[in-house]
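The values are calculated or read from the model by the stated rules, or taken from the named source; none is laboratory data. None of these values were measured; they are calculated from a predicted model. Methodologically, a virtual Cβ is constructed for each residue, glycine included, from the backbone with ideal geometry; neighbour enumeration extends over all protein chains shown.
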Amino acid sequence: MKLNKTKLKEMLARVPKRVEPKIGFTQAAVLLLFFNRENQTHLVFIERTKGDTPHGGQIAFPGGKIEPNDVSPQAAAFRETQEEIGVSRHLYDYVGNIGFYLTTVSRFDACAHIAWAETRPAFAPDAYEVARIFEIPVASLYHQFIPNLDVSDTSPLLNLEFNVLAENVSLNIWGLTARMTHHFLIGLHHSLKP
């Protein structure tokens, strides 16, 4: 599957989203960074380092808590991406966002932003926060996508996961990251329809 910035914009037009953050939750932002390599589109994921944080060891998107000096959730996603994987803002085009997503366990409400890099970025992971970076083909995620999943029922959403092999490592993507991935794939699925 090979996408481009235009296709991502079409996807954004077809995905429903919650545009206002929830009061009482810690506000956060992540970046879904796409690029083409070897004639297919890849999406960047990170493995967080194990530690005392609630999300230690998990597969995630670059991102984190919105700080007081961040002018917007978008700015927070850019800053966190630079800090965590060493990819600065001038290396990609901002496409838009797919809304806010809650995690009730750690009480975060994260806005998921979409960006497109014309070429594969050179990564420089922060060893304190990021154990590894994975470039996962969108096709391998799309093959596991359940288009008729009832998103009004929280049970299937809470148990949603994607299992992929990346760089000879078996990855289990679950929780908030899986829900964001699924939501992106909903928009992609609708944009691919004739």
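Per-structure values
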{"quantity": "Residue that is closer than 19 Å to residue 12 by Cα, under 16 Å from the mean Cα position of the chain (by Cα) and touching a residue at least 40 places away in the same chain (Cβ under 8 Å), where the choices are 45, 100, 134", "calculated": "100"}
{"quantity": "Strands (runs of 3 or more DSSP E) (entirely within region 60-160) containing at least 1 residues that are in contact with a His (Cβ under 7 Å, 6 or more places away or on another chain)", "calculated": "93-103, 130-137"}
{"quantity": "From 169, 138, residue being among the hydrophobic types (A, V, I, L, M, F, W, C) and surrounded by 14 or more Cβ atoms within 10 Å (Cβ to Cβ)", "calculated": "138"}
{"quantity": "Any hit, region 168-176, residues being over 15 Å from residue 61 (Cα atoms), of a type in the set (A, V, I, L, M, F, W, C) and assigned to a loop (DSSP other than H, G, I, E, B)", "calculated": "no"}
{"quantity": "Options 141, 192: the member that is within 27 Å of residue 10 (Cα to Cα) and in contact (Cβ under 8 Å) with a residue 12 or more places away in the chain", "calculated": "141"}
{"quantity": "Residue under evaluation residue 125, criteria (1) surrounded by fewer than 16 Cβ atoms within 10 Å (Cβ to Cβ); (2) in contact with a Lys or Arg (Cβ under 9 Å, 6 or more places away or on another chain); (3) of a type outside the set (Ser, Thr, Tyr); (4) closer than 14 Å to residue 33 by Cβ, criterion not met", "calculated": "(1)"}
{"quantity": "Scope region 27-51; condition among the acidic types (Asp, Glu) and assigned to a strand (DSSP E or B); matching residues", "calculated": "47"}
{"quantity": "Residue, nearest to the chain's Cα centre (by Cα), within region 2-26, restricted to residues that are part of a loop (DSSP other than H, G, I, E, B), surrounded by 15 or more Cβ atoms within 10 Å (Cβ to Cβ) and at pLDDT 90 or above", "calculated": "17"}
